[in-house]
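Trainee: First the structure, then my questions, so here it is.
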Amino acid sequence: MIEVNNLHKSFKKVKALDGLSFQAKDGEITGILGPNGAGKTTCLRTLYGLLKADQGNAFIDNINVENNPLAARKQLGIFPDKFGLYERLTAYEQVDYFASIHGLSGTEKKQAIEAVFCDLDMQDLAHRKTQGFSQGQRMKVTLAQALVHQPKNFVLDEPTRGLDVMSTRVLRNYLSKFKEKGHCILFSSHVMQEVAALCDRVIIVANGKMAAQGTPEELCLLAGERHLEEAFVKIIGSDEGIAA
Amino acid sequence: MIQFSALVKKEFKEAFRDKRALMVAMMMAVMAPVMIFALSKTMIKDLVETPPIYIKLSGGEFAPKLVKQFKDDNILAFSQVPVEEKALWDERNIEVIIPESFSQDMLDGKPIDIILRTDYSDQAMNAPIRRIKDAINNFARSIGMKRLLVRGIDVKLLQPVKLIEQDTALPSSNAVFISMLLGLYLLMAAFMSGLSVAIDSSAGERERNVLEILLCQPVSTLKIVLAKLSCASSIAVVGVVLTLVLTSFSVGFVDLSKIGATFNLDIFIVIALILLLLPICFFASALQLFFSFQAKSFKEAQSTVTMIIMLPAMIPFALTFIDDKPKWLDWLPVSGHSMVMEDLFKGLPVNWAAVAITGLVTLAMTVALVVTLSAKLKSEKVVLALS
C-alpha cells in the first residue's frame with residue numbers, strides 16, 4: 001500500500017506540491033491524472049525517496065520513505081518516465097542486474113528472471129543486446145527489471161507514452177494480472193481512455209494538491225459529464241495538458 | 001555484497017564491451033614504448049654517430065687542409081650529396097664561407113674569419129652545427145699549437161688551469177630523457193586509461209536515462225560510486241602496468257651503452273612504481289567521476305575532464321622551473337609521484353617514507369572525493385538535473 005500525507009514541496013518560489021494526500025490500496029490500480037506541472041513527477045520522486053518533502057510524509061507498506069528510503073524502495077517496482085536501458089547489456093543481463101540489486105541470488109534469482117521473461121513473452125529477446133530495441137521491446141525490458149523481484153507495490157510514470165497499440169495491450173494485460181495477485185499499482189498517465197479502462201480509482205491532481213478522487217464513474221458523476229476527459233477538464237478548471 | 005558484486009560486474013561488462021573506450025585506455029600503454037624507443041634511437045644516433053653532413057662550401061680551394069679536416073669528420077661538399085638527400089640538404093642550407101685571403105692571412109698569422117651561416121633555431125641543425133664548429137675549432141687549435149711548438153714554447157702554457165670533472169651520477173642518470181618521458185607517460189596513463197570509462201559510466205548513464213532508475217533502487221549511492229570507481233581505476237591500473245611492461249621490453253632494444261648510460265627497469269623498480277602509482281590511479285578516476293557526474297551532458301563532461309588530464313603533464317613541467325621546491329610538494333599527488341619516480345629512475349634508494357606519505361595523502365583525497373560524490377548523488381540538485 002502506498003500512502004501520501006499532506007505533502008508539501010517548493011522549488012524556490014514555485015510550489016510543486018501543496019498538501020497532496022492520497023492512498024493507493026493493494027489489489028487496486030490507482031491512476032494519478034493531472035495536467036503538465038501539476039506535481040505528479042515531484043510526488044513520485046518523493047515516493048522513491050529522491051526528493052525530500054518540505055512537509056508531510058510518504059509511506060510504502062507503512063515504511064516512512066524519508067526515514068528509511070532503502071527499505072521503502074525494496075517494496076517498490078518502478079517504471080520510470082524515461083526508460084533508458086544499458087545498451088551494451090543483453091535483456092537478460094539487465095534484468096539479472098536489477099534482480100541482484102534487490103538481493104536475489106542463485107536459483108531463486110534464475111527462477112525469478114525466467115518467470116518474468118515467460119510472463120512477458122520475451123524469451124526470444126533474452127540474449128540480445130538492448131541496443132536497437134523497438135520502443136515496445138524496451139518497455140518489456142523495463143517492465144521485467146521493475147517486476148523481477150515481485151514487488152508488492154508498482155509505480156508507473158506515464159508508461160504508455162510512445163507505445164503502439166500492441167505494446168500498450170501487453171502492458172495493460174500484465175497490470176491487470178498483477179492487480180489480481182493483490183499488488184498495489186500506482187499509475188500516472190495523460191491518456192483518459194486508458195485511465196478509464198484500467199484504473200479502479202483515479203486521483204486528479206492540480207496545482208500540487210488533490211482536486212478530486214474516485215472511480216472514473218464517480219468522477220463523471222461528480223462533474224456531471226459523460227466522459228472522463230470532460231469531467232477532468234471541469235474538475236481542474238482548465239483544458240491545459242489535455243493535448244499532451 | 002550481492003548488490004556490490006552485481007554493480008561491479010555490470011560496470012566491467014559495459015566497459016569491456018565498449019571497444020572505443022578500451023582503445024583509448026590502452027593507447028598510452030602502446031604509445032609510450034613506441035615513442036620512447038623511437039626518441040632514444042634518434043637521440044643516440046645524434047650523439048654517437050657521425051652521418052655525412054653536406055655543406056655549401058665557398059672558398060674551399062683557398063683552404064685545402066681545412067677541407068681535408070672536414071672530409072675526415074664526414075663533413076662533405078654539397079656537390080657530393082646523393083640525389084635522394086639533395087632536397088633535404090638544400091633546404092637545410094648550411095653555408096661555410098672561407099675568405100679568398102685565407103692562405104695569405106695564415107702565412108701572415110692574421111686572424112681569419114670563416115662564416116657559418118644557417119638556421120640556428122632549427123632543432124635538426126643542432127648536431128651538424130656542433131660538428132662543423134668542432135671541426136673548425138680543432139683545426140684552429142692544432143695550427144695554434146704547432147705555431148707555439150715551432151717557436152719552442154710549451155703548449156701546456158695555454159692551459160694554466162686544468163679542470164678535472166668527475167661525474168658522480170649513476171649510469172642510469174644519464175638516461176634522463178628516457179626517465180623523464182617514462183615518468184610523464186606513466187602519470188598520463190594513470191589519468192587517461194580510465195577516462196572514457198569514468199565519463200561513460202557517469203555522464204553517459206545520465207544522458208541515456210539510466211542513472212535515475214539506478215538512484216531509485218534500494219542501493220546506497222556510496223556503493224554505486226565505489227563500483228564505478230573500481231572499474232575505471234582498474235582499467236587505469238592495467239594501463240599503467242602495460243605501459244611499464246611494454247616500455248621495459250622496448251628499452252631492451254635500445255643500446256644505451258653507446259652513450260655511457262643504462263636504463264634498467266628491473267622487477268624491484270617495476271613493483272615500486274606500481275605501488276607508487278596505484279593510489280594515483282584511484283585518485284585520477286575519482287576526480288574524473290566527481291566532475292563528470294556533475295556535468296549536465298556527456299559533452300560537458302568530456303570538456304571538463306580533458307582539462308583534468310592536463311594535470312600530469314603540467315605539474316612535472318612546472319616543477320622543473322622551481323629550484324627550491326617547498327616540502328609539501330613532495331606529498332601531493334602528481335608532484336610527489338614525479339619526484340619519487342625521478343629518484344627511482346636515477347637508481348637512488350627508494351624513499352619509502354615519501355612513497356607512503358604521498359600514497360596516503362592521495363588515498364585520503366580519493367576517499368574525500370568518493371564520500372563527497374556519494375553525498376552529492378543524494379542531493380536534490382543532482383535529482384532535478386536528471387531531466
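The numbers here are math on the coordinates, done by the rules we state, and not lab data. Owing to the predicted nature of the structure, the values given are computational and were not obtained by experimental measurement. A quick note on method: Cβ atoms are made from the backbone with ideal geometry, for glycine too, and the neighbour counts reach across all protein chains shown.
Trainee: Any idea what angle helix B:126-150 forms with the longest principal axis of chain B, computed on alpha-carbon atoms, 0 to 90 degrees, nearest 10?
Mentor: Relative to chain B, helix B:126-150 is tipped by roughly 30 degrees.
Trainee: Say the cut-off is 23 Å between C-alpha atoms; which of A:K179/A:K234; A:K13/B:K223; B:K19/B:K228 go over it?
Mentor: Values: A:K179/A:K234 30 Å; A:K13/B:K223 35 Å; B:K19/B:K228 18 Å.
Long pairs (Cα-Cα over 23 Å): A:K179/A:K234; A:K13/B:K223.
Trainee: How would you rank B:L277, B:L215, B:L181, going from fewest to most other Cβ atoms within 10 Å of each one's own Cβ?
Mentor: Fewest-to-most Cβ neighbours within 10 Å comes out as B:L181, B:L215, B:L277.
Trainee: Sequence neighbours fewer than 8 away in the same chain don't count; with that in mind, list the aspartates and glutamates whose C-alpha is under 17 Å from B:K45.
Mentor: B:D73, B:D255
Trainee: Shifting gears a bit: Pairs A:K74/B:K378; A:K9/B:K296; A:K40/A:K82; A:K52/B:K10: which are spaced more than 20 Å apart, C-alpha to C-alpha?
Mentor: A:K9/B:K296; A:K52/B:K10
Trainee: Exposed loop GluC sites (Glu not before Pro) only (DSSP loop, at most 15 other Cβ atoms within 10 Å): please give the longest stretch of chain B free of them, not including the sites.
Mentor: Result, exposed sites excluded: B:166-387.
Trainee: So how tilted is helix A:91-101 from the main axis of chain A? Cα-based, degrees 0 to 90, rounded to 10.
Mentor: The two axes meet at around 70 degrees.
Trainee: Additional query: With the contact rule set at Cα under 8 Å and sequence spacing of 6 or more, what percent relative contact order holds for chain B?
Mentor: 22 percent
Trainee: Please list, in order along segment B:204-216, the HN-Hα scalar couplings obtained from phi with the Karplus expression 6.51 cos²θ - 1.76 cosθ + 1.60 (θ = phi - 60°), rounded to whole Hz, x for Gly and Pro.
Mentor: Taking θ as phi minus 60°, the curve returns x, 5, 4, 5, 8, 6, 9, 5, 4, 5, 5, 5, 7 Hz for segment B:204-216.
Trainee: Here's a follow-up. List B:H337, A:H190 from most exposed to least, where exposure is judged by having the fewest other Cβ atoms within 10 Å.
Mentor: A:H190, B:H337
Trainee: Taking 8 Å as the Cα distance limit and 6 or more residues as the minimum spacing, I'd like the relative contact order of segment B:1-153 as a percentage.
Mentor: It comes to 20 percent, rounded to a whole number.
Trainee: What is the fewest-to-most order of A:Y48, A:Y92 by other Cβ atoms lying within 10 Å of their Cβ?
Mentor: Ordered from fewest to most neighbouring Cβ atoms within 10 Å, A:Y48, A:Y92 come out as A:Y92, A:Y48.
Trainee: On average, how many beta carbons from a partner chain sit within 10 Å of the beta carbon of a residue in A:68-77?
Mentor: If you average over the peptide's residues, the count of other-chain Cβ atoms is 2.
Trainee: May I ask you to list the lysines whose Cα is less than 17 Å away from that of B:K133, ignoring any residue fewer than eight positions away on the same chain?
Mentor: B:K56, B:K65, B:K68, B:K71
Trainee: For A:K12, go through the aspartates and glutamates and keep the ones whose alpha-carbon is under 14 Å away, minus same-chain ones fewer than eight residues off.
Mentor: Partners found: A:D54, B:E380.
Trainee: Taking the inverse of the average 1/r across all pairs of different Cα atoms in chain B, what Kirkwood radius in Å do you get?
Mentor: 25.4 Å
Trainee: As a test of the formula, what do you get for the protein assembly as shown when each DSSP H run with n ≥ 4 contributes -39,500 (n - 2.57) and the sum is divided by the residue count, at 222 nm and rounded to the nearest 500 deg cm²/dmol?
Mentor: The helix contribution divided over the protein assembly as shown gives -17000 deg cm²/dmol.
Trainee: Then there is this: When only Cα pairs under 8 Å and 6 or more residues apart are kept, what is the percent relative contact order across segment A:107-235?
Mentor: Taking the mean separation of contacting Cα pairs over the length of segment A:107-235, I get 16 percent.
Trainee: How far, in degrees from 0 to 90, does helix B:19-48 lean away from the longest principal axis of the Cα atoms of chain B, to the nearest 10?
Mentor: Compared with the principal axis, the helix lies near 20 degrees.
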